[in-house]
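Undergrad: Structure incoming, see below.
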Amino acid sequence: MSAARPIPGTSVMQSLFRFAASLVAAAALMYSGAASALLPIQTWTLPNGAKVLFVENRSLPMVDVSVDFPAGYSRDAAATSGLAGMALGMMRLGAGGRTESDIAASLADVGAEMGTRFDADRAGYSLRTLSSEREKSQALAVLADVVQKPDFPADVLDREKSRLAASLKEANSKPQSIADRAFYTAVYHGHPYGLRGSGEIETVAKLTAPDLRKFYGQWFRSGWAVVAIMGDVSRDEADRIARSLTDGLPRAASKAPSLPEVQTLTAPVVRAIEHPASQSHILVGQVGMRRDDPDYFPLFVGNYVLGGGGFASRMMEEVRQKRGLAYSAYSYFAPYAEKGVFLMGAQTRKDQADETLAVMRDTLARYVADGPTDGELDAAKKNLVGGFPLRIDSNKKIHDYLATIGFYELPLDYLDQFVTKIEAVTAADVRDAFRRRLDPARMVTVVVGGAKVAQSQP
């Protein structure tokens, strides 16, 4: 009788714990300035055009790998909404002759984890695996099939369409989903960023396997791929991994087509939607900033003061702490390749919707006009700088940053300069950036429940 094979990963648990502690310590060193570089990123372009970003880290016998493409839901059309997301999801449900069960079993056998990344801009796959040869090779072979040889089996597609239709039907009845859909449609008024990533019931029902194959062939090209690798491999091995994941893809003769420019609103838009829910869901916002916006850090830090800092934010103080109108009130910027949204949100009783909206609008208007106080800004910067080590306290988090740096062509020292950029922000920087990006008089307002609110303009 042969000896039982150890469960993958059990032999490295002590290393995992030690590595977690070492990451926190390394982050603290970076924050203190004792380390000259947090991410010694190596980058190169393969003969097939794929971009590779690599960080070698021998502290843990594991490797994180991802492959991203410019194939987010902004590449959908209104008539085929949901195609991008369905194509990505189906890739792991049959590839290279492997069935859905085969793929799951092969990954489970070596303790590997495969995930997807999908938003308006990006679509891709990630893999976490042990760096030992057997485990690594088997996991990467699965990922290579998923990325380069999807089968798009028709029977599985029918099942997934039915599952998604049921999910969409449920979402269409929930007030938050209704509010989100109305908000993004109004903000983007025809731009593909306004499409729903999961699609619509009627468009998903029409999707076919040939549709998925066509979309895949159009957007999953080697020259548009961004491969991010971090972990216990050499530079030469990282190169081989990147080639194995992209050499089988169709080539791209040029850069991926740019998305249309997002147009700003010329007038306020108000949408009131009746709903039997006991609470009103309120969303207010407009077009915000691009991922490469030169005012990224003033807007990032400034929003922490406005509504991104939880209980420390001005929005929370005005809406919850002073008036008790809502449990939570927040704001955020969602930057993309083109301009993403700036959004404020809150939930409140229907009879308080008018007052809550008025407070949110007034708080924003005063903030755009005057900016943060010195005390608010100092507190925000201290919290953001102090919390920075938690942003990079795991291989996965750092790998995610690595993939983002590559996809959006951010500076390679982005993380190294993160704290310095925050500390350099002044109150005048925040005020000026908010004045240039936001106009309180041209906001989209969506209220689900509390229809009376719609009659009031900012």
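Undergrad: Mind listing whichever residues of segment 405-414 are touching a Lys or Arg at 6+ places or on another chain (Cβ under 8 Å) and either farther than 17 Å from R117 by Cα or assigned to a helix (DSSP H, G or I) (or both)?
TA: Within segment 405-414, the first condition is being touching a Lys or Arg at 6+ places or on another chain (Cβ under 8 Å), and the residues that meet it are 406-408, 410.
Residues satisfying the conditions are G406, F407, L410.
Undergrad: With the condition kept exactly as written, say whether any residue in segment 54-66 is within 30 Å of P260 (Cα to Cα), at pLDDT 95 or above and aliphatic (A, V, I, L, M). Even if it seems obvious, please write down each step before you answer.
TA: Step one: of segment 54-66, the residues within 30 Å of P260 (Cα to Cα) are 66.
Now drop any that are not at pLDDT 95 or above, which leaves 66.
After this cut, where a residue has to be aliphatic (A, V, I, L, M) as well, the list is none.
No: segment 54-66 contains no residue that is within 30 Å of P260 (Cα to Cα), at pLDDT 95 or above and aliphatic (A, V, I, L, M).
Undergrad: Another question about this same structure. If the requirement is being more than 20 Å from the chain's Cα centre (by Cα), β-branched (V, I, T), outside the structural domain of G450 (by TED's automatic domain parsing) and more than 25 Å from E376 (Cα to Cα), which of these qualifies: I241, I282, I273, I229?
TA: Matching residue, one of I241, I282, I273, I229: I241.
Undergrad: Could we say that R361 is in the same structural domain as L410 (by TED's automatic domain parsing), without any contact (Cβ under 8 Å) to a residue 40 or more places away in the chain and in a helix (DSSP H, G or I) here? Before the answer, list the steps.
TA: Working: in the same structural domain as L410 (by TED's automatic domain parsing): yes; without any contact (Cβ under 8 Å) to a residue 40 or more places away in the chain: no; in a helix (DSSP H, G or I): yes.
So R361 does not fit the description; no.
Undergrad: Would you pick out the residues in segment 322-358 that are part of a loop (DSSP other than H, G, I, E, B), polar (S, T, N, Q) and either touching a Leu at 6+ places or on another chain (Cβ under 7 Å) or surrounded by 21 or more Cβ atoms within 10 Å (Cβ to Cβ) (or both)? Please lay out each step first, then the result.
TA: Within segment 322-358, the subset part of a loop (DSSP other than H, G, I, E, B) is 322-328, 334-335, 337-340.
With polar (S, T, N, Q) added as a condition, the list becomes 328.
Residues satisfying the conditions do not exist here.
Undergrad: Just give me the residues in segment 100-154 being of a type in the set (D, E) and either assigned by TED's automatic domain parsing to the domain that holds D400 or closer than 22 Å to S234 by Cα (or both), in sequence order. Break it down stepwise before answering.
TA: Of segment 100-154, the ones of a type in the set (D, E) are 100, 102, 109, 113, 119, 121, 133, 135, 145, 151.
Correct list: E113, E133, E135.
Undergrad: Which ones in segment 90-133 are assigned to a strand (DSSP E or B) and either more than 30 Å from E338 (Cβ to Cβ) or among the charged types (D, E, K, R) (or both)? Give the steps one after another, and end with the answer.
TA: Kept after step one, since they are assigned to a strand (DSSP E or B), are these residues of segment 90-133: 94-95, 98-99, 113-118, 123-130.
Answer for segment 90-133, where residues must be assigned to a strand (DSSP E or B) and either more than 30 Å from E338 (Cβ to Cβ) or among the charged types (D, E, K, R) (or both): G94, A95, R98, T99, E113, R117, R128, T129, L130.
Undergrad: Only one residue in A272, A277, A253 is touching a Gly at 6+ places or on another chain (Cβ under 8 Å), surrounded by fewer than 18 Cβ atoms within 10 Å (Cβ to Cβ) and either within 23 Å of G449 (Cα to Cα) or acidic (D, E) (or both). Which one? Outline the logic, then answer.
TA: On the way: A272 fails: surrounded by fewer than 18 Cβ atoms within 10 Å (Cβ to Cβ); A253 fails: either within 23 Å of G449 (Cα to Cα) or acidic (D, E) (or both).
Result of the check over A272, A277, A253: A277.
Undergrad: Residues to consider are A112, A123, A179, A139; find the one that is touching a strand residue (DSSP E or B) at 6+ places or on another chain (Cβ under 7 Å), closer than 30 Å to P268 by Cα, buried (at least 21 other Cβ atoms within 10 Å of the Cβ) and at pLDDT 95 or above.
TA: Values: A112 fails: closer than 30 Å to P268 by Cα; A123 fails: closer than 30 Å to P268 by Cα; A139 fails: closer than 30 Å to P268 by Cα.
Answer to the check: A179.
Undergrad: Which helices (runs of 4 or more DSSP H) sit wholly inside segment 134-214 and have at least 2 residues that are among the basic types (K, R) and free of Cβ contacts under 8 Å to residues at least 60 places away in the same chain? Break it down stepwise before answering.
TA: Numbers: elements: 154-171, 175-188, 201-204.
Counting at least 2 such residues, we get 154-171.
Undergrad: Can you report the number of residues in segment 256-269 which are more than 22 Å from D362 (Cα to Cα) and crowded, with 17+ Cβ neighbours inside 10 Å? Full working, then the answer.
TA: Applying the first criterion (more than 22 Å from D362 (Cα to Cα)) to segment 256-269 yields 256-263.
Remaining after also requiring crowded, with 17+ Cβ neighbours inside 10 Å: 259, 262.
The total comes to 2.
The values are calculated or read from the model by the stated rules, or taken from the named source; none is laboratory data. Note that the structure is predicted; figures quoted are calculated from it, not measured. Glycine also receives a Cβ, built like all others from the backbone with ideal geometry; neighbour counts cover every protein chain displayed.
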